[in-house]
Amino acid sequence: MKCKNMNTRLKRLFENIKWLFLLQVCSYIFPIISFPYLAQKIEISQYGIYVYILTIMGYYQVLLDFGFTLSGTQRCAENKHNKEKVSTICSSIIIIKFALAFIGIVFLYVLKNLSIIEEQFNFFVLMYVAFCINAFLPDYLFRGMESMSVFAKRNLLTKILFMLILISFIKKEEDFCYIPLAYLIPNIVAFFISWYLAKKYMFFSFIIPKLEEIYEEFKCSLFYFFSRVANLFTSSINIIVLGIIYNNSEIAIFGVASKMIDVIRSLFTPISDAFFPYMLTNKNFRLLKKSVFISFFISSLIAGVLFLIIPYIIKIFFGNEYLEAVYIFRLMLPLIIIALPIYLLGYPTLCALKKDKWANISVIVEGIFQTTGLLLLFICNMITFTNVIFLTICSEVLILSIRSFLAREILFKNDR
């Protein structure tokens, strides 16, 4: 009976990985199409503005999510058999997000003083509304209940809608102002579908929680929020800092290489996302250890192939004016090799080991390292693409080292 239960859990794990991987592939097939499409339809300076605003939206996304993608998933997974408790958790998160959305509106007008934002303020506001709606999607509920297929199908539908709107509205550089619609309309559709499915399949019902219940969810997520902020610093503050030194066209070239690296790294997240609730309930460290070591080999092969074919990819999808991105992309390839081991040794491993605090601390340490390094480079007038990339790789190696040390009892344990 025990063996049968284990096989059932493994089957669910791989089923969830399958659906999340399909979702992630589709989620980034569309950007692989959409980003080159935009690069060809709008001016390179407009593309630089788009990359810059999208980077700032990344900060808003972290604020509005507030770490609930992780803490909410963990809390729902731990209480998956108590429907009333799950509804209370989700209701508390919704109330907190309303407060966060209001804070975000205040920051809209603070950021208006930035020159790029001031000249594209309506564009900026519409993008905020789109990201705000996206923040209210109950993805943490679907992940925590390990119902990835329902969650994935909804996302696939909205990604298709995103592409259809983009291609329909953006045909020339004068259509630049319509880009936010490609984010806004699919997110509105996703919002209604998600909560309908949550009510139908997850038996969610809104409950007015007590203040202490709201505070409990806030407290549980606070550390995750700080870690997400730190993580964002390592992934997107580069664009912000480089935007001070370089012009829009140069930022667009760096943005193409950086976005492609992000797309490839994100293809690994379904494995980590599926392992997270699975490890919380099953603690199959032997399987996780094998996955970590195999991931190094597979990631290295992928990086080697990409090193060779990237000039052709950029030329075909983006055009000759973006060929300078080849050098930048190749410098960033180590980030692909270590991505999946970092993900697997993070929340799936350390939360299962009851070291979730250290999973967050490792991200914060990385963020402090990256931010301090950028500050020193700026003071020494050494902000270049090469130096920033090298600093980012060092930051990622640091977090991998910290997590490997924390998980040493698993990684270096004799399984015989």
So Phe191, is it outside any helix (DSSP H, G or I) and not aliphatic (A, V, I, L, M):
no
Regarding Leu137, is this residue in contact (Cβ under 8 Å) with a residue 12 or more places away in the chain, crowded, with 18+ Cβ neighbours inside 10 Å and in a loop (DSSP other than H, G, I, E, B)?
yes
Would you be able to say whether some residue in the stretch 153-173 is at pLDDT below 80, part of a helix (DSSP H, G or I) and surrounded by 22 or more Cβ atoms within 10 Å (Cβ to Cβ)?
yes
How many residues are modelled with pLDDT of 90 or more and either among the aromatic types (Phe, Trp, Tyr) or touching an Asp or Glu at 6+ places or on another chain (Cβ under 8 Å) (or both) when one looks only at the stretch 368-394?
1
Any chance Phe121 is farther than 29 Å from Thr73 by Cα, more than 16 Å from the chain's Cα centre (by Cα) and modelled with pLDDT of 75 or more
yes
In the stretch 189-200, how many residues are farther than 14 Å from Ile133 by Cβ and modelled with pLDDT of 80 or more?
4
Residues that are aliphatic (A, V, I, L, M), more than 25 Å from Phe191 (Cβ to Cβ) and at pLDDT below 80: which helices (runs of 4 or more DSSP H) entirely in the stretch 1-116 hold 2 or more of them?
2-41, 44-65
For the stretch 265-291, give me each residue that is touching a Leu at 6+ places or on another chain (Cβ under 7 Å) and under 24 Å from Ile337 (Cβ atoms).
Arg265, Phe268, Pro270, Ile271, Ser272, Asp273, Ala274, Phe275, Met279, Leu288, Lys289, Ser291
Taking into account only those residues within the stretch 353-399 that are charged (D, E, K, R) and crowded, with 16+ Cβ neighbours inside 10 Å, which is nearest to Glu409 (Cα to Cα)?
Lys355
Suppose we filter the stretch 370-408 for residues that are within 17 Å of Lys289 (Cα to Cα) and touching a residue at least 24 places away in the same chain (Cβ under 8 Å); how many remain?
6
Would you point out which residue out of Ile253, Ile244 is closer than 30 Å to Cys380 by Cα, over 21 Å from the mean Cα position of the chain (by Cα), modelled with pLDDT of 80 or more and part of a helix (DSSP H, G or I)?
Ile253
Kindly indicate which of Pro186, Pro209 is crowded, with 17+ Cβ neighbours inside 10 Å, modelled with pLDDT of 80 or more and farther than 30 Å from Ser34 by Cα.
Pro209
Report whether or not Ile56 is under 14 Å from Cys132 (Cα atoms) and either touching a residue at least 60 places away in the same chain (Cβ under 8 Å) or basic (Lys, Arg) (or both).
yes
Matching option when the condition is among the acidic types (Asp, Glu), in a helix (DSSP H, G or I) and without any contact (Cβ under 8 Å) to a residue 40 or more places away in the chain, among Glu217, Glu212
Glu212
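Every residue, every condition in (1) more than 21 Å from Met202 (Cβ to Cβ); (2) of a type outside the set (Ser, Thr, Tyr); (3) under 12 Å from the mean Cα position of the chain (by Cα); (4) surrounded by 24 or more Cβ atoms within 10 Å (Cβ to Cβ), yes or no:
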site	(1), (2), (3), (4)
Leu54	yes, yes, no, no
Tyr59	yes, no, yes, no
Leu63	yes, yes, no, no
Thr73	no, no, no, yes
Ala77	no, yes, no, no
Asn82	no, yes, no, no
Ile93	no, yes, no, yes
Phe329 in contact with a helix residue (DSSP H, G or I) (Cβ under 7 Å, 6 or more places away or on another chain), part of a helix (DSSP H, G or I) and of a type outside the set (D, E, K, R):
yes
Just to be sure before I move on: is Asp273 surrounded by 13 or more Cβ atoms within 10 Å (Cβ to Cβ), charged (D, E, K, R) and modelled with pLDDT under 80 in the structure I sent?
yes
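The values are calculated or read from the model by the stated rules, or taken from the named source; none is laboratory data. Computed from a predicted structure; not experimentally measured. All Cβ positions, glycine included, derive from the backbone under ideal geometry; neighbour counts span all protein chains shown.
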